[in-house]
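Student: Just dropping this structure here.
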Amino acid sequence: MTASVTADLAAPTSTKLSVRNLSLSYRTNKVRHLALDGINLDLAEREFVAIVGPSGCGKSTLLKIIAGLADHTAGEIYLDGQNLGDASVPPGVGMVFQNDALLPWRSVKENVRLPLVINGVPASEQRDRVAELLTMVNLDGYADYYPRQLSGGMRKRVALARTLAYDPSLYLMDEPFGPLDAQTRVRIGGEFLKIWERVGKSVLFVTHDVEEAIALADRVVVMTAGPGKIKAEHRVPIPRPRDYEEVRFTDEFHEIRQQIWHELQSEPLPDTVKK
Amino acid sequence: MQKSEVPITTGVVPGASIAAEVTPSPVGTTTPAHKDTRADTVADAVDRRADRRERLVIVAGQVGIGVGFLAVWQLVSGLWIDRFFISEPSLIAERIVDLAASGELWMHLRVTVIETGIGLAIGLPAGVILGIAVATSRIAGRWVYPYIIALYSLPRVALAPLFIVWFGIGLFSKVMMVVTMVLFVAFYNVYQGVKSIDRDLLDMTKSYRASRWITLRWVMLPAIGAWMLTALRLAIGLGLIGAIIAELIGSSVGIGYYIKLSSNLFDTTGVMTGLLVITVLAMLLEQVVAFIEKRVLRYR
């Protein structure tokens, strides 16, 4: 409520990302499949939006399309009001991949340094920046390790530090905590939430974990499968800063979770297994 | 029942995990944080001894097979089979000493090594560049791919006489022969290597809007490193074969020339000596590649 004054002032320019009537269809075995059907989605500056949905609903594909890593068949994507062309990689968009995408032949510090090299950060600043980021994700002392020497949770931290190094204005996160075990998943999620509340950039976060989505996001978008559509949207009225674990015991949390479960349960199971 | 202590797994000292508080890791996974300081010296010594014993057994076996083979050869020669056909190790050793003393060995060996070296220096980079170009281009790569396959299946030996007509009897025709032998190995390995690069890594650099050069340096070349080393390994052997073939067809110097000369004189010992020299050379170069491999692929 208190933020409404400033929010109104910033209103005209505050839309970070806008997806309009986005559709994707493809052919296999002479049959045309509709993978995404008329997706409309807006993301405000500094907003955290989570997309939940069953596997195969096209939520990851949606992220790839926005990141310019995949084509779409119809519709438009606007980033900061600019219409993005077909499969062009927009600037200032950082993707966090499900399986880390770390370079196995580079040490932790080199992996984190890569975006700085790409962005042309002076070599003298790179080292300090990397050290700073590794501290931020609790990886002090691991600078010279290689990815294979690290646990899944630590690799995830490296991937996070690397994306932070790129310093995007929009984070696209594709089930980033997916492969982790439940315990690590909650721990990393909590750490990430703290970092995000400090950095405060727009995030579009794809997950199949409903609780993770509610605990992290300002808004949860529910997608359905076959074809991928947006079924519902929920604003999460839990104030920030949040405690990633405590938040799960609030009434608001339970209420939203119940609604989303309901929406997901009324969906038929996906008939095809995603490859 | 009341004692619900966490079982201490052997080798992991609780509390020795220095960074465990700062960087918690999932239970059950071993991370560098769980460094075992207690049993370091003892366990290491045991490990080292086992390693050393294994290595000794392997080397002894390798040497044993070689020595056994030579011994049987030496015994059989002249006893069951005429020396004229198979010569004998002692004669070959004698010949090598003679050739080394007269300087003839170095003269021939140097030429063959130079031909192979130049051929590798041209053929390998050419194959690598071609492989990357074909594997990364969506259209043009597919235009030329079938023709590269077609050229690969040409019997290169049959080209040797043609090469002499085209490039003369000197160094150049041999170098070209080596190039045709090694270029395809490099091409194939690199092509497969690029095709098998983890898609996510390329997507990652793409999403960061990395330049082609950075993608090449940070992702592609390291990703195909192992493939290139395999190519190098195969290429050394094939390159030597290429040089020898070209020398057999037409030359005035080189190990291949020496083999041909000996065979024209029905000098089996000479032929065997030439073959042995080439084999030893290939083995030595193989060791060099193995050493490079160990250093380059340390991250594994």
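The values are calculated or read from the model by the stated rules, or taken from the named source; none is laboratory data. Predicted, not measured: the structure shown is a model, and the values here were computed from it. Quick reminder, even Gly has a Cβ in these numbers, built from the backbone with ideal geometry, and neighbours come from all protein chains shown. Only protein heavy atoms, including side chains, enter the accessible area calculation; ligands, DNA and RNA are left aside. Shrake-Rupley method; radii C 1.70, N 1.55, O 1.52, S 1.80 Å.
Student: Check region B:205-221 and report whether any residue there is assigned to a helix (DSSP H, G or I), aromatic (Phe, Trp, Tyr) and more than 14 Å from chain A (Cβ to nearest Cβ).
Tutor: no
Student: Follow-up question, since we're still on this one. Select, from B:VAL76, B:VAL63, B:VAL144, the only residue that is farther than 22 Å from B:GLY256 by Cα, out of contact with any helix residue (DSSP H, G or I) (no Cβ under 7 Å at 6 or more places or on another chain) and open to solvent by 50 Å² or more (accessible area, probe 1.4 Å).
Tutor: Of the residues listed, the single one that is farther than 22 Å from B:GLY256 by Cα, out of contact with any helix residue (DSSP H, G or I) (no Cβ under 7 Å at 6 or more places or on another chain) and open to solvent by 50 Å² or more (accessible area, probe 1.4 Å) is B:VAL63.
Student: When you go through A:GLU191, A:GLU245 one by one, which is the residue that is within 27 Å of A:GLY92 (Cβ to Cβ) and touching a residue at least 24 places away in the same chain (Cβ under 8 Å)?
Tutor: When all the criteria are applied, what remains is A:GLU191.
Okay, residues lined up against (1) surrounded by 16 or more Cβ atoms within 10 Å (Cβ to Cβ); (2) within 14 Å of chain A (Cβ to nearest Cβ); (3) farther than 15 Å from B:VAL134 by Cβ:
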{"position": "B:PRO155", "(1), (2), (3)": "no, no, yes"}
{"position": "B:LEU159", "(1), (2), (3)": "yes, no, yes"}
{"position": "B:LEU162", "(1), (2), (3)": "no, no, yes"}
{"position": "B:VAL185", "(1), (2), (3)": "yes, no, no"}
{"position": "B:VAL190", "(1), (2), (3)": "yes, no, no"}
{"position": "B:SER196", "(1), (2), (3)": "no, yes, no"}
{"position": "B:ARG199", "(1), (2), (3)": "no, yes, yes"}
{"position": "B:ASP203", "(1), (2), (3)": "yes, yes, yes"}
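Student: Determine, yes or no, whether B:ALA226 is open to solvent by less than 60 Å² (accessible area, probe 1.4 Å), small (Gly, Ala, Ser) and within 14 Å of another protein chain (Cβ to nearest Cβ).
Tutor: The answer is yes for B:ALA226.
Student: Looking only at region A:195-208, count how many residues are open to solvent by 30 Å² or more (accessible area, probe 1.4 Å) and under 15 Å from the mean Cα position of the chain (by Cα).
Tutor: So the answer is 4.
Student: Follow-up. Kindly indicate the residue of region A:71-100 that is closer than 30 Å to A:TRP261 by Cα and part of a loop (DSSP other than H, G, I, E, B) and also farthest from the other protein chains (Cβ to nearest Cβ) among those meeting that condition.
Tutor: Top of the filtered list is A:HIS72.
Student: Looking only at residues that are crowded, with 19+ Cβ neighbours inside 10 Å and small (Gly, Ala, Ser) in region A:25-50, which one is modelled with the highest pLDDT?
Tutor: Selected residue: A:ALA50.
Student: Can you tell me which of (1) open to solvent by 60 Å² or more (accessible area, probe 1.4 Å); (2) assigned to a helix (DSSP H, G or I); (3) within 21 Å of B:THR180 (Cα to Cα) is the one B:ALA150 doesn't meet?
Tutor: (1)
Student: Cβ-Cβ under 6 Å, sequence separation 6+ or interchain: first residue in region B:182-206 and in the same structural domain as B:VAL144 (by TED's automatic domain parsing) and closer than 22 Å to A:PRO115 by Cα, partner of a type in the set (Ser, Thr, Tyr) and in a helix (DSSP H, G or I). Which pairs?
Tutor: B:THR205/B:THR215
Student: With region A:116-227 as the region, which helices (runs of 4 or more DSSP H) entirely inside it contain at least 2 residues that are touching a Leu at 6+ places or on another chain (Cβ under 7 Å) and more than 9 Å from chain B (Cβ to nearest Cβ)?
Tutor: A:123-136, A:152-166, A:182-199
Student: Among the residues of region A:245-260, are any surrounded by 15 or more Cβ atoms within 10 Å (Cβ to Cβ), hydrophobic (A, V, I, L, M, F, W, C) and within 24 Å of A:LEU116 (Cα to Cα)?
Tutor: no
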